[in-house]
Amino acid sequence: MQDLLIKRVEVNDKIAQYVEKMCESWGVHVEQIILKDMRLSGLLSENLSIVSKTRRAVQANIISASADL
């Protein structure tokens, strides 16, 4: 999931290419696709939370080390 959030532009392009390819034979042009709702499992939400907490802790350590210098 973390990769999906980081690479969302690439994923968006791949989805657009796929939809365009499927709709081309019908003569339909899709201008926009909107994802309205994403449901994450409890475990996935927890893992994403841990990643963000870890990043903040690392940044705090870097700032602290810079201040000590």
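Quick notes on this one:
- The residues of the stretch 1-25 that are modelled with pLDDT of 85 or more, of a type outside the set (A, V, I, L, M, F, W, C) and surrounded by 12 or more Cβ atoms within 10 Å (Cβ to Cβ) amount to a single one, E20.
- Any helices (runs of 4 or more DSSP H) falling wholly within the chain and containing at least 3 residues that are of a type in the set (D, E, K, R): 8-24, 42-68
The values are calculated or read from the model by the stated rules, or taken from the named source; none is laboratory data. In this text, all values refer to a predicted model and were calculated from it rather than measured experimentally. Methodologically, a virtual Cβ is constructed for each residue, glycine included, from the backbone with ideal geometry; neighbour enumeration extends over all protein chains shown.
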